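Working notes, beginning with the structure itself.
The values are calculated or read from the model by the stated rules, or taken from the named source; none is laboratory data. Model, not experiment: these values are computed from the prediction. Heads up, the Cβs are rebuilt from the backbone with ideal geometry, glycines too, and the neighbour counts pull from every protein chain shown.
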Amino acid sequence: MPVDFDRIIDRTNTNAVAADGFRDHLLDDPELELPCADADAVAMWVADMAFATAPVVLEAMRRRLDHPIFGYTVSLDREFETAFQSWCRRRYDWVPDLEHHLPAPGIVPALYDLVDLVLEPGDGVVVHTPAYEPFESAVTNGGGELVTSPLVRRPDGTVAADLDHLAATVADAGVRMFILCHPHNPTGHAWSEDELRAMAEMCFANDVLIVSDEIHCDLLRTGRRHTPLAKLFPESDRIVTCMSSSKTFNLAGLGLANVVIPDDGLRARWEDRHFPVVNPVSAAAATAAFAEGDEWLGELRTYLDANFALVEAMLADRLPAAVFRIPDATYLAWIDLDAYVPTGLNLTTAIAERSGVLVEGGEKFVADGGDCIRLNLACPRSQVEEALDRIIEVALALSAGLG
Ligand SMILES: Cc1ncc(COP(=O)(O)O)c(C=O)c1O
């Protein structure tokens with residue numbers, strides 16, 4: 001039976017941060033007045049999905065619940081790792097070494113750990129900007145210095161690395177790590193093989209460890225295939241790969257991710273601080289997702305493609321000077337409203353208070369977010385249409401000086 005991604009699922013009273021947590025976790029002013037009841041606000045912000053996870057995942061979780069003991073659990077049978085490895089082989093033609101694999105409660109916690117384990121106080125960590133904000137928190141919390149390298153954004157909305165700028169940045173003596181967001185959040189850019197090779201070579205030449213955060217790698221537009229950075233450099237132990245079923249199958253609340261650390265010393269230091277306990281229900285879910293989730297993911301990707309096409313058509317029709325291009329990857333639309341809104345306006349607040357639609361404005365990202373908004377399209381099409389309709393009205397009113 002085809003998956004019904006059009007179904008609207010009420011998330012209120014499930015402690016969903018998207019639905020009930022926006023005052024504390026999105027808005028700068030938690031008291032901000034909205035033009036609607038909080039329950040009627042349209043959540044298009046935090047990067048999880050308004051879709052039910054795959055039935056095969058739910059069935060596996062239910063099966064695990066049939067056994068009533070949830071004590072200390074370690075992946076002794078290696079089913080979780082083996083399913084992850086098969087997934088990588090099938091989907092990216094990459095075979096991660098299971099000896100290098102470690103479970104983590106999430107990719108952000110893994111980044112905090114890696115920063116702690118690798119950096120001396122004051123060491124630099126390079127990220128592309130605009131950047132996902134927790135990259136900065138992980139670095140500064142661990143006593144590191146964030147060093148930014150802006151992406152090039154062309155007038156047609158396409159994105160590329162500024163390789164000359166990046167080369168100069170990683171050549172700085174204080175830089176020890178590069179966190180690559182692959183594919184990139186928020187722009188949705190999937191790096192070309194040439195870009196990946198060039199970025200990695202410059203890091204190797206300067207002894208900079210690469211942490212490749214590939215959490216969005218399954219959410220490419222239909223027909224495209226992800227290339228893990230580590231696949232291009234099978235001999236290197238200078239690339240840490242972070243992946244997860246959480247973004248792909250909407251399991252972020254289950255707290256389980258995959259980290260592949262080829263460097264023996266770094267992996268040993270990680271193992272010293274972590275007993276590899278896994279939540280047994282989460283492990284059952286992720287194992288099923290990796291083993292049996294392909295068909296569901298195919299349907300999800302087709303649905304997301306159509307949501308992006310809708311956004312493209314609505315913008316072309318009603319907001320033609322907005323800069324938008326269907327991204328290579330992610331379910332996030334990155335829309336530049338510069339032509340319509342006053343420069344520097346806090347777009348999260350402006351759009352929320354005028355329309356009740358909750359999006360992340362450019363100010364939510366580390367530098368260079370400009371007058372862009374990030375709109376999460378992993379929701380029923382009717383919701384995309386409603387939210388974008390209201391955002392377009394806000395942009396037009398602001399542009400006419402009425403807003
Ligand atoms: C680039 C990136 N890394 C990590 C995360 C979160 O990872 P986790 O929930 O596994 O900590 C996100 C979530 O949006 C993300 O976009």
Under 8 Å between Cβ atoms, which residue pairs at least 6 apart in sequence (or on different chains) link something in the range 27-47 that is closer than 17 Å to Ala16 by Cα with a partner that is of a type in the set (Phe, Trp, Tyr) and within 16 Å of the ligand (Cβ to nearest atom)? Asp38/Phe22; Ala41/Phe22; Ala43/Phe22; Trp45/Phe22; Ala47/Tyr331
Check on Asp263, in the same structural domain as Arg153 (by TED's automatic domain parsing), over 30 Å from Asp38 (Cβ atoms), surrounded by fewer than 22 Cβ atoms within 10 Å (Cβ to Cβ) and at pLDDT 95 or above: yes
Find the residue count for the range 273-314, including only residues that are free of Cβ contacts under 8 Å to residues at least 60 places away in the same chain and within 30 Å of Ala400 (Cβ to Cβ). 3
Among the residues of the range 122-131, is there at least one that is part of a loop (DSSP other than H, G, I, E, B) and in contact with a Ser or Thr (Cβ under 8 Å, 6 or more places away or on another chain)? yes
Would you point out the residue of the range 316-339, among those that are assigned to a loop (DSSP other than H, G, I, E, B) and within 16 Å of the ligand (Cβ to nearest atom), that is farthest from Leu219 (Cα to Cα)? Pro327
Selected residue (only one of Ala205, Ala289 is out of contact with any strand residue (DSSP E or B) (no Cβ under 8 Å at 6 or more places or on another chain), among the hydrophobic types (A, V, I, L, M, F, W, C) and surrounded by fewer than 24 Cβ atoms within 10 Å (Cβ to Cβ)): Ala205
Of the residues Thr53, Thr14, which single one is of a type in the set (Ser, Thr, Tyr), more than 23 Å from Leu180 (Cβ to Cβ) and over 20 Å from the mean Cα position of the chain (by Cα)? Thr14
Just one of Glu271, Glu214 is away from the ligand (no atom under 16 Å from the Cβ) and at pLDDT 95 or above; which is it? Glu271
Give Asp156, Asp237 a once-over and let me know the one that is more than 16 Å from the ligand (Cβ to nearest atom), over 20 Å from the mean Cα position of the chain (by Cα) and modelled with pLDDT of 95 or more. Asp237
Under 6 Å between Cβ atoms, at least 6 apart or on separate chains: pull out the pairs that start in the range 105-121 with a residue that is closer than 17 Å to Ile210 by Cβ and end on any residue that is more than 14 Å from the ligand (Cβ to nearest atom) and in a helix (DSSP H, G or I). Leu117/Arg269
Answer with yes or no whether Phe80 is in the same structural domain as Phe365 (by TED's automatic domain parsing) and among the aromatic types (Phe, Trp, Tyr). no
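Yes/no per residue for (1) touching a helix residue (DSSP H, G or I) at 6+ places or on another chain (Cβ under 6 Å); (2) surrounded by fewer than 17 Cβ atoms within 10 Å (Cβ to Cβ); (3) closer than 21 Å to Ala43 by Cβ:
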position: Ala313; (1), (2), (3): no, yes, no
position: Arg325; (1), (2), (3): no, no, no
position: Asp338; (1), (2), (3): no, yes, no
position: Thr343; (1), (2), (3): no, yes, no
position: Thr349; (1), (2), (3): no, yes, yes
position: Val359; (1), (2), (3): yes, no, yes
position: Asn376; (1), (2), (3): no, no, yes
How many residues are in contact with a strand residue (DSSP E or B) (Cβ under 9 Å, 6 or more places away or on another chain), assigned to a loop (DSSP other than H, G, I, E, B) and more than 22 Å from Ala322 (Cα to Cα) when one looks only at the range 133-160? 2
Every listed condition ((1) in a strand (DSSP E or B); (2) more than 21 Å from Glu214 (Cα to Cα)) holds for Leu180 save (2)
Can you pull out every residue in the range 81-115 that is within 19 Å of Asp237 (Cβ to Cβ) and over 22 Å from the mean Cα position of the chain (by Cα)? Val95, Asp97, Leu98, Glu99, His100
For Pro276, only one of the following conditions fails: (1) surrounded by fewer than 19 Cβ atoms within 10 Å (Cβ to Cβ); (2) at pLDDT 95 or above. What is its number? (2)
Give the residues of the range 177-200 that are on the phi > 0 side of the Ramachandran plot and either in contact with a helix residue (DSSP H, G or I) (Cβ under 6 Å, 6 or more places away or on another chain) or surrounded by fewer than 24 Cβ atoms within 10 Å (Cβ to Cβ) (or both), sorted by residue number. none
A careful count of residues in the range 382-403 that are surrounded by fewer than 24 Cβ atoms within 10 Å (Cβ to Cβ) and touching a Phe, Trp or Tyr at 6+ places or on another chain (Cβ under 8 Å) gives 3
